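This report refers to the structure that appears directly beneath it.
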Amino acid sequence: MRALRVLKEVDIIAAEDTRVTRKLLSRFDIHTILISYHQNSRGKRAEEIVGMLQDGKNVALVSDAGTPGISDPGHELIAICIAEGIRIEPIPGPSAIITALVVSGLSTTSFAFDGFPPRKENERRAFFANLRSETRTVCLYESPLRLVKTLQSILEVLGDRPVAVAREITKVHEEIFRGSVSQAIEHFSAGKVRGEVVIVLGGCISAENGQVIEDRRLESRLRELLGQGMSEKDAVRQCVIEFRLSRRRVYAAALAIKGEKSSAAS
């Protein structure tokens, strides 16, 4: 109710997508002036909005989905306003990150938010490699079009961890999936994924067991690459890049696999 009151009382509403916000305003019979503020217009438009604020106008910033400023172009406008000494008043509303986290069933004692994973596969794999020893629950945003590919990257780099995928959280078609990463891949590969997506990923079991977990993933990845016909040298080089480990350690793992094969052959 407070948010609706604010939208009625301000002089201007700056919205990420005016088409989406207009539906809300029409539903509640709000006729405040509406302007756009999005990724492609933020530079010049931010200066215009700051000018309005300095002239004594009150401006409400509205995000298309989620919270303004969180993986959202609004953060630039907020930073400029702070630099100019303009007062900013946050209006509480739905937060996809927190909402998904609390219904995930995963640990909420300590968690991290890492925005959107990179789009390119090699960059995405490196992104998750950096999270390999992270013991906190990790929350991510993802496009429905890339959800399955991202889950596949997680499986390949981090293993079959527990995960929750929240789709259209707080909306009419809300869906919460809980299970392992491999189960999530199977579930979301069955049809077209729609809507806003939050991935909540279980952290590394513990710092103490991190070494054992990493060794198993390294061994699994080496076996996979060698099974695809890659030479031992190239497989070792690939794993050094992906796991960011020393060549000596990866080569030792490759030798152990080679030794197993020799023993089996004899």
Exercise. For segment 67-113 and segment 165-208, what is the separation of their C-alpha centers, rounded to whole Å?
Worked result: 21 Å
Exercise. Taking 0.36 nm per intervening residue step and subtracting the Cα-Cα distance, what contour gain separates Lys171 from Phe28 on full extension?
Worked result: 49.7 nm
Exercise. Using Cα pairs under 8 angstrom and six or more residues apart, how large is the relative contact order of segment 2-83, in percent?
Worked result: 35 percent
Problem set entry | Net +/- balance of residues flanking Ala112 in space, Cβ distance below 11 Å, scoring K and R +1, D and E -1 | -1
For this session: List Ser104, Ser63 from most exposed to least, where exposure is judged by having the fewest other Cβ atoms within 10 Å.
Result: Ser63, Ser104
Exercise. Counting DSSP beta bridges in segment 2-83, what percent are antiparallel, to the nearest 5?
Worked result: 0 percent
Exercise. Taking θ as phi - 60°, what are the ³J(HN,Hα) couplings along segment 163-175 by the Karplus curve (6.51, -1.76, 1.60), each to the nearest whole Hz, with x for Gly and Pro?
Worked result: 8, 10, 10, 9, 10, 6, 4, 6, 10, 4, 9, 4, 9
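How big is the Rg/Rh ratio for the chain, C-alpha atoms only, Rh by Kirkwood, two decimals?
Working: Rg = 23.5 Å, Rh = 21.4 Å.
Dividing the radius of gyration by the Kirkwood radius yields 1.10.
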Exercise. Over segment 1-159, what is the relative contact order in whole percent, taking alpha-carbon pairs under 8 Å and six or more residues apart?
Worked result: 18 percent
Exercise. In debye, nearest 20: dipole of segment 96-201 around its Cα centre with unit charges on the Cβ of K, R (+) and D, E (-)?
Worked result: 180 debye
Problem set entry | Ellipticity estimate at 222 nm from DSSP helix runs (n ≥ 4, -39,500 (n - 2.57)) divided over the chain, nearest 500 | -15500 deg cm²/dmol
Seminar exercise, completed: Most exposed to least, judged by fewest other Cβ atoms within 10 Å, His38, His31 sort to His31, His38
For this session: Please work out whether segment 121-169 counts as rounded, prolate or oblate from its C-alpha gyration tensor, where a ≥ b ≥ c are the square roots of the eigenvalues and a/c under 1.5 means rounded, while otherwise a/b larger than b/c means prolate and anything else oblate?
Result: oblate
Seminar exercise, completed: Reduced to Cα centres, the span from segment 236-259 to segment 118-140 in Å works out to 20 Å
For this session: Pull up the DSSP beta bridges for the chain and report the antiparallel fraction as a percent, rounded to 5.
Result: 60 percent
Seminar exercise, completed: Fewest-first ordering of Asp64, Asp29 by Cβ atoms within 10 Å yields Asp29, Asp64
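Rule-based calculations on the coordinates, nothing more; no lab input. Predicted model, so just to flag it, every value in this text is computed and none were measured. Positions of Cβ are backbone-derived with ideal geometry, glycine not excepted, and every protein chain shown enters the neighbour counts.
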